[in-house]
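Asks: For reference, the structure I am asking about is given below.
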Amino acid sequence: MSGLYDVAVIGGGVVGCSVLHELTSSGYRCVLLEKNSGLVSEASAGNSGMLHTGFDALEKTELSCIQYTQKNIWDVLHKTGIPYHKIGATMIGWNEEQKSKLQEIRQKSEVAGTKGTREISISTLYQMEPHVRHGAHGALWIPEETVVDPWLTAVTLAHQARRKNATILTDTVFEGCQYNGSHMTLNTNKGHLNTKCAVNSAGVYGDIVDIIAGCPNFRIKPRKGQYMMYSQKAHGLINSSILPVPTGKGKGIIVFKSVYDNVIVGPTAEETDIRSKPPIDDSVTKRLMTVADNVVPKLHENRVVRMYTGVRPATDIKDYQLHCDVKRKWITAGGIRSTGLSGCLGIAHMVLEMVREQLGIEASYSENRTLTRQNVVMETNGTAMIDGIHYEVTHPIALCKRERTPSLL
């Protein structure tokens, strides 16, 4: 861990990988610390892989970050070869009360700048989605909603940064830091490193990392989500992501299709004290099956190939927690909740602005925003080879790219 880094990034989920890529591309000498053996191992390993447009995100920072990502992610996807499908989303009102909310949601979508969102007739709904249960009262079409490989998106950003000489240290736990005026020393289980500043992108452990650093800003309230994944043979049963009308308790359970054509039902949303990946709850599984049968009845004819869970780094405050402690040279990118993938590039850009403008740190190298196509080979042992470098595949969606798993139910 020799030399002085410009920026140390703590946490290798999708936000940390995005921050690493943005700062390295801007010429900063960066190191990323990930406590697990593989990148994308905590909250980012249990998300939906849905790239949201922000049509219903009115919190200022979250919406700004999602909008920035929507403008800039396509260049990354195209040039690096990350698979994606712009399949759109259909929000269905199953009664008159839910139907009455669709116009309000469409108006929010216009405020958020989402293109093409419109109410559709019942006949149009069933032309678009013939296998959805009959009895809908109204529907909203959101054409720009997209699904990606969530693991490969994050790992690609880290890999592209690595190509530009970023350092990635896995199995490396942040244990403390000292501030020495011109720089800071980070203590880890593998020794010390020196950096001009640090970025906390530790996800569900973000508040703990802030406390260790002496910069407490917020408290994480973990929220568990459970998913049920069907065989790829069910892919023809839906043509878009099927959304419920949101309630005061959240966005509800979605029936959607992964970029590799697995139909997935989830996530649920239960508060939990568990920060690590929670176990599968059989009662929640039954609830997911009920939702699946109610929304797309023919799903019960298909086999479930995988259950998975994730934990979202929620807080008491709905918006992202982005803070910069100028005196301590410490930036926090926390409380990202469930939209880390959708807002990752925007979050990284805001961190870059903090490093430049608030901390006044200049890059050690020239800017290099080159994106190169990469050769990805999925191995049979749960790893992937990218340009000769092994990465541990941590997300069930990526693991099901080649479906070999037997039925669970």
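Where a number appears in this text, it was derived from the coordinates with a stated rule and is not lab data. Since the model is a prediction, treat every value here as computed from it, not as a measurement. Glycine gets a Cβ as well: all are built from the backbone with ideal geometry, and neighbour counts include every protein chain shown.
Asks: Considering only the other residues whose Cβ falls under 13 Å of the Cβ of Y5, what net charge follows from Lys and Arg at +1 and Asp and Glu at -1?
Replies: Computed value for this residue: +2.
Asks: Checking understanding here: applying a Kyte-Doolittle mean of at least -1.0 and a length along the axis of at least 18 Å (C-alpha), which whole DSSP H helices in the chain pass?
Replies: Going by DSSP H runs, the hits are 60-80, 150-163, 282-295, 340-353.
Asks: So what's the range 1-100 giving for Rg/Rh, alpha carbon basis, Kirkwood Rh from the mean inverse pair distance?
Replies: Result for the range 1-100 is an Rg/Rh of 1.07.
Asks: Between the range 289-361 and the range 79-149, what is the separation of their alpha carbon centroids in Å?
Replies: Rounded to whole Å, the Cα centres lie 22 Å apart.
Asks: Which of the residue pairs K86/K224; K233/K401; K60/K318; K221/K327; K286/K401 have a Cα-Cα distance greater than 19 Å in the structure shown?
Replies: Listed pairs above 19 Å: K86/K224; K221/K327; K286/K401.
Asks: Please state the charge dipole magnitude for the chain, taken about the Cα centre, from unit charges on C-beta atoms (+1 on K and R, -1 on D and E), reported in debye and rounded to the nearest 20.
Replies: 360
Asks: What's the ranking of 370-376, 28-34, 16-22 by average number of surrounding C-beta atoms within 10 Å, highest first?
Replies: My ranking of the peptides, most packed first, is 16-22, 28-34, 370-376.
Asks: Taking 7 Å along the Cα-to-C-beta vector as the label spot, tell me the R373-H85 distance in nanometres, rounded to one decimal.
Replies: That separation, rounded to one decimal, is 2.2 nm.
Asks: Scan around R29 for amide H atoms under 5 Å from its own, H built in the peptide plane at 1.01 Å from N, and keep only partners 5 or more places away or cross-chain.
Replies: Residues meeting the amide H criterion: D6, V7, S364, Y365.
Asks: When the chain is modelled as a GNM with alpha-carbon springs shorter than 10 Å, which of Q160, Q232, Q103 fluctuates the most?
Replies: The residue that fluctuates most here is Q103.
Asks: For the chain, give the share of DSSP beta bridges that are antiparallel, in percent and rounded to the nearest 5; count only bridges with both residues there.
Replies: The antiparallel fraction comes to roughly 70 percent.
Asks: Let me ask another. Peptides 282-289, 175-182, 40-47: what's the order by average Cβ count within 10 Å, highest mean first?
Replies: 40-47, 282-289, 175-182
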